[in-house]
Amino acid sequence: MWYKVMTGFGYWDVYAWLIFLAIASFFTLWLRGLGRDDYKEGTYQDEIYFSGNDVPEDGEGITVPADSAYWGFKKALAPYYKVLVSMHSGHVIDYVGYLVLVTGIITALIVLV
Amino acid sequence: MKIEKYLDIFPKSLWVFLVNSGSCNGCDIEVVATLSPRYDIERLGMKLVGTPKHADILLVTGPVTRFMKEKLERIYAQVPDPKAVMVIGNCGCSSNVFYKSYNLVGPVDNVLPVDVYVHGCPPRPEAIIEGAAKAVLKLEEKKKALLREQSELVKAGAE
């Protein structure tokens with residue numbers, strides 16, 4: 001049977017998780033049911049609030065994304081970011097290599113100082 | 001289960017959405033002063049919200065410009081029932097010195113049904129708080145009327 005999903009470190013009890021899911025779903029749906037259902041369908045109340053304007057299909061030309069709040073920060077630190085981004089090659093071996101290298105340097109510093 | 005059906009008083013704090021339909025910003029500054037520590041209307045539960053969909057009251061400042069008319073109507077439509085409209089300042093109440101201006105639709109009640117008028121140029125925070133208290137009474141009346149309508153519909157359906 002598949003009531004226990006074995007992992008390298010232990011197991012997941014499938015039935016316990018299903019029971020948890022059922023209880024969580026019950027409370028979620030109950031809380032959702034407490035919300036308002038008296039909005040008027042087919043009117044503006046169905047639509048997204050966009051400061052009273054029509055919601056644009058493609059808002060790229062007229063909206064400024066929230067991460068632009070960090071523009072100055074990113075601009076000022078661009079030289080450092082450039083190095084950091086270039087270091088993110090996507091290869092786990094590289095990251096483990098950085099870890100080993102930094103650990104080695106720190107260990108050497110501790111031993112020598 | 002609808003908890004609010006079993007409560008006699010207004011079931012939640014007053015949430016307000018502020019629209020500037022052409023104001024000089026003087027009234028908006030007074031609204032902010034109403035929220036600031038000296039008057040601190042949030043201690044009474046009233047707070048500004050970021051979307052009309054969460055609001056009970058639409059607070060409008062300034063006369064309605066032609067540019068803002070359609071937007072104001074849409075925002076009003078997005079406030080769920082029961083809702084009340086409160087106009088802050090002389091310009092919103094009567095267009096004030098801008099009366100007959102070429103680019104105005106007029107005072108707010110030319111566009112929306114207004115429940116509470118707060119006069120002043122700009123009105124003091126005390127006046128805005130008193131207006132909010134009057135708006136609560138209006139809202140309670142509207143809520144009762146809505147519940148009455150609903151129960152009559154249910155009765156008619158049962159018959």
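The values are calculated or read from the model by the stated rules, or taken from the named source; none is laboratory data. Keep in mind that what you see is a predicted model, and the values were worked out from it rather than measured. Cβ sites come from the backbone with ideal geometry, for glycine too, and all protein chains shown count toward neighbours.
Observations on the model:
- Scanning the stretch A:43-89 for residues that are of a type in the set (V, I, T) and over 23 Å from the mean Cα position of the chain (by Cα) returns A:T43, A:I48, A:V55, A:I62, A:V83.
- Positions within the stretch A:86-113 being at pLDDT 90 or above and β-branched (V, I, T), in sequence order: A:V92, A:I93, A:V96, A:V100, A:V102, A:T103, A:I105, A:I106, A:T107, A:I110, A:V111
- Identity of the residue in the stretch B:37-61, assigned to a strand (DSSP E or B) and within 14 Å of another protein chain (Cβ to nearest Cβ), that ends up surrounded by the most Cβ atoms within 10 Å (Cβ to Cβ): B:V60
- Check on B:I129, at pLDDT 90 or above and surrounded by 24 or more Cβ atoms within 10 Å (Cβ to Cβ): no
- Checked against the criterion of being within 12 Å of another protein chain (Cβ to nearest Cβ), assigned to a strand (DSSP E or B) and closer than 24 Å to A:Q45 by Cβ, the stretch B:74-87 contains not a single residue that satisfies it.
- Residue in the stretch B:65-73 that is modelled with pLDDT under 90, of a type outside the set (D, E) and assigned to a helix (DSSP H, G or I) present: no
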